[in-house]
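Please treat every number below as a calculation from the coordinates, not as lab data. Computed from a predicted structure; not experimentally measured. Ideal geometry is used to build each Cβ from the backbone, glycine not excepted, and the neighbour counts take in all protein chains shown.
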Amino acid sequence: MKVAISITGSQLDSPFDARFGRVGTFCLVDSESGEWSAHDNLAVSASGGAGVLAAQFIAGLGAQAVISGAYGPKAYDTLSPAGVKMFLGPTEESLTARQVLELFNEEKLAEANGSTHAGYHGGNH
């Protein structure tokens, strides 16, 4: 399964980043073979709609699952119909993408069955 993990950095051993729409990089990993590649999130500097843009980017990469910290309603509504499962990574620990992938493979991450927050509606965040 192709899994996208939000990270700070550009390696499989880079730190997990709980941000979704504004994360700097997604690490795309084949959970079976371990092959991975890093992809700059082009939505990071978007003036608005970063969650939707990031969701479209993830789906375009062919990811079947994504691991991040939170998903707004628009990101959820973009990922869900694309068949991309959303999982919640641990936010209380400093883990690498590799360690988060291990938790995923051990089925220790919760799946998001809806948006995890109300989203952002302009103004200061």
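Pull up region 50-88, narrow it to residues that are in contact with a Lys or Arg (Cβ under 6 Å, 6 or more places away or on another chain) and surrounded by 18 or more Cβ atoms within 10 Å (Cβ to Cβ), then point me to the one that is farthest from Asp40 (Cα to Cα).
Filtering first and then ranking leaves Ala65.
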Where Ser6 falls short, out of the listed (1) under 19 Å from Leu109 (Cα atoms); (2) assigned to a loop (DSSP other than H, G, I, E, B); (3) touching a residue at least 60 places away in the same chain (Cβ under 8 Å); (4) not hydrophobic (A, V, I, L, M, F, W, C): (2)
What are the pairs, 6+ residues apart or on separate chains, where a residue within region 20-33 that is over 16 Å from Met86 (Cα atoms) has its Cβ under 7 Å from a residue that is surrounded by fewer than 23 Cβ atoms within 10 Å (Cβ to Cβ) and small (Gly, Ala, Ser)? Thr25/Gly9; Thr25/Ser10; Thr25/Ala38
Note: among Gly21, Gly51, just one is in a helix (DSSP H, G or I) and small (Gly, Ala, Ser), namely Gly51
Check on Ala4, within 10 Å of the chain's Cα centre (by Cα) and hydrophobic (A, V, I, L, M, F, W, C): yes
Looking only at region 79-120, which residues are hydroxyl-bearing (Ser, Thr, Tyr) and over 14 Å from the mean Cα position of the chain (by Cα)? Ser94, Tyr120
Output for region 1-35, where each listed residue is of a type in the set (Val, Ile, Thr) and in contact with a Lys or Arg (Cβ under 8 Å, 6 or more places away or on another chain): Val29
